[in-house]
Protein chains: 2
Amino acid sequence: MTEVAKYVGVSAMTVSRAFRQDASVSEETRKRIMDAVDALGYVLDQSAGSLSSRRTGFIAALVPSINNSNFSDTARGITDALDNTGLQLLLGYTDYSTEREEQLIESMLRRRPEGIILTGGSHTQRARRMLENAAIPVVETWEIPERPINHVVGFSNSEAMSLLVRELAGKGYRRFGYIGGTTARDTRGSQRRSGFLKTVEELGLGVGRLISFGVPPISMEQGAQAIISMLERWPDTEVVLCVSDLSAFGAIMECRRRGMRVPEDIAIAGFGDYEISSICHPRITTINVDCYGIGKQAAARLLDALQTGDAVRNEITLTSYKVVLREST
Amino acid sequence: MTEVAKYVGVSAMTVSRAFRQDASVSEETRKRIMDAVDALGYVLDQSAGSLSSRRTGFIAALVPSINNSNFSDTARGITDALDNTGLQLLLGYTDYSTEREEQLIESMLRRRPEGIILTGGSHTQRARRMLENAAIPVVETWEIPERPINHVVGFSNSEAMSLLVRELAGKGYRRFGYIGGTTARDTRGSQRRSGFLKTVEELGLGVGRLISFGVPPISMEQGAQAIISMLERWPDTEVVLCVSDLSAFGAIMECRRRGMRVPEDIAIAGFGDYEISSICHPRITTINVDCYGIGKQAAARLLDALQTGDAVRNEITLTSYKVVLREST
DNA sequence: CTGTTAGCGCCTTCAG
DNA sequence: CTGAAGGCGCTAACAG
């Protein structure tokens, strides 16, 4: 920057000001400076700037998996909301592990983000402590934690699944099955499962039939495997709900490959309303979740908090979800 | 940090050293420092550190779209390769726009990344200049640019598509169609298309039948729309190649919905070997690309360059691809 | 509108 | 193995 300043014959401070839109620099000086910047190929050093201004311009966000389009939609919602705010997203994926989340939180906090967006409400003790110490707004997303850290933007996975069960029971289905991953690591999956079990029981439909198939991230292939187990163990199952559309898709394709008709021989539903579910044949009944909106609103809550100096704490923003009945049930 | 130093009764410098594994600090002192760090909930400020050490610990990577599993696999390859190197990924998505890429490159360079990974070889003039000025290793991926900036990790999209055409011609198909997006923004798509056209002509199969359907990112839905146009315009088409598996999937599902048999009535193939293609029914013929490996190797090239002080320049690393023949053709 | 001074929090370098 | 001095490149705060 000193170089640019010398080149133009002004002080470094004036060059610094020329880069800020709100700063008072005469148009002529700014033009001369910008020409010099161009000629010298100078690029502002933000790490030095943020040390001085105490504003890094970073927002950190952690998602379980970047290969899952639900979460990448949320990430896109965040980046879109951050557009033109001068804030940049520092993205990490936890791989559904709270230990990895803890590590990531630490390495993120070293960059001094101005706010942080997390997925879910399960964190290690140390992660919680670090977040509290950081004294930055925190937004937990995608579920309603029992003990929120700060802001929450999400919905009840359990109630959403419950709603789907009720809708399908209303269509006359009675023998319900559920396909999901091992729940220890995936709290949202576990909430969906408990919503399923509770509602099946409440409706007097007997005991829900459960097939678990390994740790998240859940794949289409695992859905295919799981439906095989389901049919072996409980051949008279009428409808199977899956923890996500991806496993539902795998299950449906496997059924068709075996010559079964969906939904005539077995009905199958998913969760998440991935693009695939509205395209594949048969189209998949699912719960539409506002993934993009979760990201957008989480970022908006963060921006609010940054502007107001975090006056509004512990606000819970509920995002919408709805049952989408399609051909697969 | 001063606070921790006071708390323990050592100098700030010793605290700083305690954080580095290679630094010489007595085990006892380090333990006392780390206990204090824990008690005070202190987290190292890396932005200050990097200003001083001239090492930010950032690697920047730009991908066209984060919602596309091919590219998110590449991103995962990069993060995995960066694991335990102390380097952190700064990820951005260009939305297939070189203008947006230019903006992103600038905002990334302000963070002083130690290296940068790009997708493709098309960049604005100014982007190229900024990259050259930055004097950091650059890796272009996913294709073989005509005029590489520095390192390249990719493959010829044109030759890969050509290979697929030859394989299918070998199976007896003659009337070839192609479904892709408008090519202006997507250079890989455009290379695939030209590989298709060239090869169909070389094999004496007449003129390839082209349907274009809007700007990337290409969706499953667009694939479904495109196959309708294809069948209206050239009803006797025998086999349709698609710019990606996603559009191929949409096309196949649309055909099945219309009661057409795939591949008996029409054969359809994709590109990219997304998970969906090995799961859906019928399974989709495609080109398997080593997406994850592209990311992993790109990061490896960068790490090499950083270690050797960038001795090896302009190295081209070819990544593998292979035709995967499945039920859809 | 522009310049000067000081310092952000850490690490490099040099001493001890 | 530990400490002290100085500075990384920028911007806040104040002055003019």
Considering only residues that are buried (at least 21 other Cβ atoms within 10 Å of the Cβ) and in contact (Cβ under 8 Å) with a residue 12 or more places away in the chain, look in the range A:40-56 and name the one that is nearest to DNA strand C (Cβ to nearest atom).
A:50
Complete set of residues in the range A:1-15 that are outside any loop (DSSP other than H, G, I, E, B) and not β-branched (Val, Ile, Thr)
A:3, A:5, A:6, A:7, A:12, A:13
Only one of these is in contact with a Lys or Arg (Cβ under 7 Å, 6 or more places away or on another chain) and either polar (S, T, N, Q) or more than 19 Å from residue A:59 (Cα to Cα) (or both): B:18, B:134. Name it.
B:18
Would you mind stating whether residue B:89 is outside any helix (DSSP H, G or I) and at pLDDT 95 or above?
yes
Against the definition (within 11 Å of chain A (Cβ to nearest Cβ), of a type in the set (D, E, K, R) and within 20 Å of residue A:133 (Cα to Cα)), how does residue B:35 come out, yes or no?
no
Among the residues of the range B:1-13 satisfying the criterion of being within 11 Å of DNA strand C (Cβ to nearest atom) and more than 26 Å from residue A:132 (Cα to Cα), which is least open to solvent (accessible area, probe 1.4 Å)?
B:11
When the range A:16-39 is checked residue by residue, the ones that are near DNA strand C (Cβ under 8 Å from one of its atoms) and outside any helix (DSSP H, G or I) are A:23, A:24, A:25, A:26
For residue A:138, only one of the following conditions fails: (1) in contact with a Gly (Cβ under 6 Å, 6 or more places away or on another chain); (2) more than 14 Å from every other protein chain (Cβ to nearest Cβ). What is its number?
(1)
Residue A:26 being more than 14 Å from every other protein chain (Cβ to nearest Cβ) and over 24 Å from residue B:135 (Cβ atoms)
yes
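At least 2 residues that are of a type in the set (Phe, Trp, Tyr) in each: list the strands (runs of 3 or more DSSP E) lying fully within the range B:96-202 that qualify.
B:176-180
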Working only within the range A:63-75, note down all residues that are over 8 Å from the mean Cα position of the chain (by Cα) and either more than 11 Å from chain B (Cβ to nearest Cβ) or at pLDDT 95 or above (or both).
none
Considering only residues that are within 11 Å of chain A (Cβ to nearest Cβ) and farther than 15 Å from residue A:279 by Cα, which ones fall in the range B:264-280?
B:274, B:275, B:278
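So which of B:192, B:233 ends up being of a type outside the set (S, T, N, Q) and open to solvent by 60 Å² or more (accessible area, probe 1.4 Å)?
Answer to the check: B:233.
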For the condition on the phi < 0 side of the Ramachandran plot and surrounded by fewer than 19 Cβ atoms within 10 Å (Cβ to Cβ), what is the one hit in A:148, A:137?
A:148
Within the range A:91-108, restricting to residues that are more than 14 Å from the chain's Cα centre (by Cα) and within 14 Å of residue B:58 (Cα to Cα), the one that is least open to solvent (accessible area, probe 1.4 Å) is A:108
Going by the structure shown, is residue B:167 surrounded by fewer than 22 Cβ atoms within 10 Å (Cβ to Cβ) and out of contact with any strand residue (DSSP E or B) (no Cβ under 6 Å at 6 or more places or on another chain)?
no
Taking the range A:112-132 and keeping residues under 18 Å from the mean Cα position of the chain (by Cα) and open to solvent by 30 Å² or more (accessible area, probe 1.4 Å) leaves A:122
Test residue B:57 against the stated conditions and say whether it is modelled with pLDDT of 95 or more and within 16 Å of DNA strand D (Cβ to nearest atom).
yes
Of the conditions (1) open to solvent by 40 Å² or more (accessible area, probe 1.4 Å); (2) in a loop (DSSP other than H, G, I, E, B); (3) more than 16 Å from DNA strand D (Cβ to nearest atom), residue A:76 satisfies every one except a single condition; which number is it?
(2)
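Provide a single number: the residues in the range B:40-49 that are more than 10 Å from DNA strand D (Cβ to nearest atom) and assigned to a helix (DSSP H, G or I). Don't jump to the end; show me each part of the working.
We begin by selecting, within the range B:40-49, every residue more than 10 Å from DNA strand D (Cβ to nearest atom); these are B:40-46.
If we keep only those that are assigned to a helix (DSSP H, G or I) too, we end up with B:40, B:46.
Of the residues in the range B:40-49, 2 are more than 10 Å from DNA strand D (Cβ to nearest atom) and assigned to a helix (DSSP H, G or I).
Restricting the search to the range B:294-318, which residues are away from chain A (no Cβ under 14 Å) and open to solvent by less than 10 Å² (accessible area, probe 1.4 Å)?
Of the range B:294-318, the ones away from chain A (no Cβ under 14 Å) are B:294, B:296-318.
B:294, B:298, B:299, B:302, B:305 - these are the residues of the range B:294-318 that are away from chain A (no Cβ under 14 Å) and open to solvent by less than 10 Å² (accessible area, probe 1.4 Å).
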From the list A:261, A:283, A:257, pick out the single residue that is open to solvent by 30 Å² or more (accessible area, probe 1.4 Å), within 18 Å of residue B:275 (Cβ to Cβ) and within 14 Å of chain B (Cβ to nearest Cβ).
A:257
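The values are calculated or read from the model by the stated rules, or taken from the named source; none is laboratory data. Just so it is clear, the model here is predicted, and its values are computed rather than measured. Reconstructed Cβ throughout: ideal geometry from the backbone, glycine too, with neighbour counts over all protein chains shown. Side chains included, ligands, DNA and RNA excluded: accessible areas come from the protein's heavy atoms. Shrake-Rupley method; radii C 1.70, N 1.55, O 1.52, S 1.80 Å.
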